[in-house]
Amino acid sequence: MLGLSLLLGTSIVFGQNINRTVKRNIDKIKVESMLLNKRLEIAATDNIYPQQISLKAPAEETTEKVVLTENFDLFAAGSEEEPDRTNIIDSDGIIMPDYVQTYGWAGLNVFQAGGCAYLADGYEAFISSPLLDLSSDNGNFTMTMRYKTQSNTGRVIIGWASSQGPIKAVQAQASTEWSQIEIPGIGGVSQTMIQIYGDGVEMFLDDVMVTQNIVEEPKELGRPENLTATNITDNSFTANWTEVEGATSYLLNVFCFENNQRQYLLKDENVNGTSRDVTGLESGELYFFTLRATDGTDESKETAPQVVKSPSTAVGTPVALPATDVTDDGFTANWEKAENEVYYNVYTSSYYIIPESGEITIEDEDFSNITEGTEESPAYCSIQTTFNGLTKYPNWEGITTLMAKGKIGLKNYYSVMDVYSMLYTPIYQTTSLNPGAIKISVTAKKVNCSSEATLGVCVADAMSDDQTDWELRKFTYDTQTFDFTFTPGYSAYYATISFSDENDPNGTTAIVYIDKVIIKQTFAQNDVFIRLHSSDLAYNNSIYVSTAFKKETETFSYMVDAVTNGEEEFIQSDLSNEIFVGEESAIKTVNKENDCRIYADRESLNISCSTPSAIHIYNLQGMLIKEVTVNGNDRIMLEQGLYIVKYNGNTEKILIGR
C-alpha cells in the first residue's frame, strides 16, 4: 500500500512499537578532540609537600573508585640512563594510543624511558592527563604518583584545570631518587585535566593514579530474565525464570486478555524458586505470564509479558474490517483474527486537508509524559530507542539518549564507536509539489558541558538519503531556545537534533537535555498533511483509538499487522489492507463548490465534469502521477492504492481497489 510504507516498519521486540523502515542516514556533527595540550601558565602555590602524604579518610558509606591509572609500561623503549627520543606524540599534541592505557594523554617533549615517562626539559616539557570527571564527592579526589629528577634536585609541579582555566596547583621537592606523593586534591569538576612538569629540571614519572570516594547508591532489585514456558498443554504449563540476586521470592501473574485488559488466573502469586507449574487454563485461550522479584520489602519492576505458546514458523496477515463506534472523539478499529498471532500492531494515520493557506504548527512536543529519571540521575535508554507512549505522537526515536522528567537527554557516550547521540522527529508528509518553509524551535539545556557546546539540527528526506546541511547554534546560556529554518522541498521528511562539545569528544560528561520542540510549516490551501497519528498494541482483534483532538478537515485510516513468537525471535506479518474511518472511498474538502463528480472503483478513477477541468492526480509521496483535462466523462486506470486528486480548487482522497 502506498504512503503508509513510509510510516510503518518492523516491531523490534515484544511489547515495543514500530521502528522506522526508512534509514535515518544522517551525517554526524563532526567532533574534534580539543585537549588542553599546552603547558599551563600556573603560579605554583607555596605548599611544598613531603614525599609521603597520607590520604584523607573516606567518608562513611562511600567506596573508592579508580578514575585513572597509568603505569607507563607501554613506554617500553629506552631506559632511565638513556631515554628513547623517538617521537610518540601526534600533530595535535596527543600521545599515540599504542603507548598509553587510556587514550587522551597529551604533552610536549615526552619520551619513553624503559617503563616510565621522561620529560626532557624543565622549561617546555609537560604531560597532561585525559579529561576526567572529578565532579563527585564535591570535587575532592586523590592523586598518587612516583617521580624523580634526572640529574639535579628541583621541584615537580602538579596542576589541575578545566577548559575554563587552571583550578589549583601544588609543588613538591624532587631528587634523583624515586619518591611517591599522594595529593588530596580539591576543586575537581566534570572536565578536569591534570598536568605534571618539572620546574627547571628534567623529570621521570611513573604509576599515576587518580581516585575518588563515591557515595554508594542502594542497589535496585533486579528483575528476572530469560522467561520461558515449558510443558505446555491445553490446560497447563510450567513458568520458568532466572534467579535474581537478593530476591527471597517472586510474584507470578498469569492472565489472558479480554478487550485488551488482563483477566487474571493468578495475581501476585508468591513463589519460591525459579519455576512454577500452572494449571486450570481454559482450552483455546492464549495466556501470558509476568514476574516481579521481591526481597520481602522492595519489589523489582515487572517483566514484559511472556506468551504461553510453542514457537511458530509463520504468522497470518490480518484482514482489516470497517471501523465501528465512530465519533469525532475516536473509533474502534477491527480486524479478523490472524493465525498463530500473539499480539497486533495497529497503525493509525492522519490526513489533514489544509483549510486555508498559511503557517501550520505540525509539532508541539514538550515531553511531559516522561516521568522517569532526573537531571542529576538520568535514566539511560537503550542505544536505539523508540519513545512511543511517551510523546504526543508516535515515532520519535533516539540514539544513545537519556530520560529526565520532562526531557530527553543527548549524550555522546558511544562516540568511540562512531555512534553519536541523535533525537529524530516523526516523519511528516505532504502532497504539495512545492512544500513551504520548515521552522523548527528547540529549547535545550546543557549540563556538564563546556563553553564549546553546540546544538545542531538538520532535515532529511524520508524518501532517500538526501539531507540539508546542519544548522549549528552555540550555547551562550545553560538553557536556551534555538530557531532554525529550512526550505528543502521534501514531500516526506523528518528532523534530526544532535550536539557536540569539542572538550568532551568521548561523551564522558556532557549532556544536552531537549525540553521542547515546535515545528511549523507553510502550506497552500487544500494541501494534505499526513502523519502517523498513533501506534497501538492490541492482544485482541479490536481496539479503541482516540481522536479527541480531531480537526474539522482531518480524517483517519488504519492498518494492522500480527506478531508471533518464533524459535529465536518474533515474526511479524505483512500489513493488512487499509481502512478509512467512516468513509467509502473519498473525502471532500471544505470547498463545497464542486462542478466535477469523482469516484473510484476497484481499478480506475471515474470523472464527470460539466465544464473543462484540469485534473491532477498525486500519490502520497507528492509525485504527480497523471494530469488530464476533462470535459464530460473520463475513466483513468490506476494501480490499487490511495491517491490525492486536485481539481478546480478542490482536493479529494481516493482509494482504488477497495
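Only the coordinates and a few stated rules stand behind these numbers; no lab work does. This one's a predicted model, so the numbers in the text were calculated from it and none came from an experiment. For neighbour counting, all protein chains shown are included, and Cβ atoms are generated from backbone atoms with ideal geometry for every residue, glycine included.
Points to keep in mind about this one:
- Rg and Dmax of the chain, both derived from C-alpha coordinates alone, stand at 32.1, 106 Å.
- Each residue of the stretch 117-129 is assigned a 3J(HN,Hα), and the resulting list reads 9, 10, 9, 6, 8, x, 10, 10, 5, 7, 9, 10, 6 Hz, derived from the Karplus form 6.51 cos²θ - 1.76 cosθ + 1.60 (θ = phi - 60°), x at Gly and Pro.
- Summarising the amide proton neighbourhood of Cys449: residues at separation of 5 or more, or on other chains, whose placed amide H is nearer than 5 Å comprise Ile511.
- Placing unit charges on the Cβ atoms of the charged side chains and taking the dipole of the chain about its Cα centre, the candidate lying farthest along the positive direction among Asn109, Ala492, Asn619 is Asn619.
- Residues with amide H under 5 Å from that of Gly114, placed H, sequence gap 5 or more: Ala77, Gly78, Ser79, Asp84
- Amide H within-cut-off set for Gly566, under 5 Å, with H built and near neighbours excluded: Ser312, Ile571
- Quarter of Cα convex hull surface for the stretch 357-524, i.e. mean projection, nm²: 9.4
- Spread over its residues, the convex hull of the C-alpha atoms of the stretch 429-501 is 83 Å³ per residue.
- Note: the stretch 48-215, Cα convex hull, 102 Å³ per residue.
- Quarter of Cα convex hull surface for the stretch 110-188, i.e. mean projection, nm²: 5.8
- Unpaired by the 4.7 Å Cβ criterion, cysteines found in the chain: Cys116, Cys256, Cys381, Cys449, Cys458
- The count of lysine pairs in the stretch 371-458 whose Cα atoms are under 15 Å apart, excluding pairs fewer than 8 places apart on the same chain, comes to 6.
- Taken over the stretch 221-262, the convex hull of the Cα atoms encloses 101 Å³ per residue.
- Given charges at Cβ of Lys, Arg, Asp, Glu: the stretch 245-293 dipole, positive-most of Thr274, Asn260, Ala247: Ala247
- For Asp207, neighbours were defined as the other residues whose beta-carbon sits under 13 Å from its Cβ, and their charges (Lys and Arg +1, Asp and Glu -1) total -2.
- Sequence-ordered 3J(HN,Hα) estimates for the stretch 290-298 from the Karplus curve with 6.51, -1.76 and 1.60 and θ = phi - 60° stand at 9, 9, 10, 8, 9, 10, x, 10, 9 Hz, glycine and proline given as x.
- Calculated log₁₀ intensity ratio I(q)/I(0) where the Debye formula runs over C-alpha points of the stretch 228-299, q = 0.12, 0.26 Å⁻¹: -0.33, -1.19
- Using a cut-off of 26 Å between Cα atoms, the listed pairs Lys65/Lys474; Lys626/Lys653; Lys520/Lys646 include Lys65/Lys474 as exceeding that distance.
- Projected-area mean, the stretch 242-384, by convex hull of Cα positions, square nanometres: 15.1
- Asp595-Ser610 pseudo-label distance in nm [points 7 Å out on the Cα-to-Cβ vector]: 0.9
- Sorted largest first, the principal axis extents computed over the alpha-carbon atoms of the stretch 322-444 equal 49, 47, 27 Å.
- Ranked by how many other Cβ atoms sit within 10 Å of their own Cβ, fewest first, the residues Trp470, Trp178 fall in the order Trp178, Trp470.
- Simple Cβ-charge dipole of the chain, Lys/Arg +1 and Asp/Glu -1, about Cα centre, in debye nearest 20: 1580
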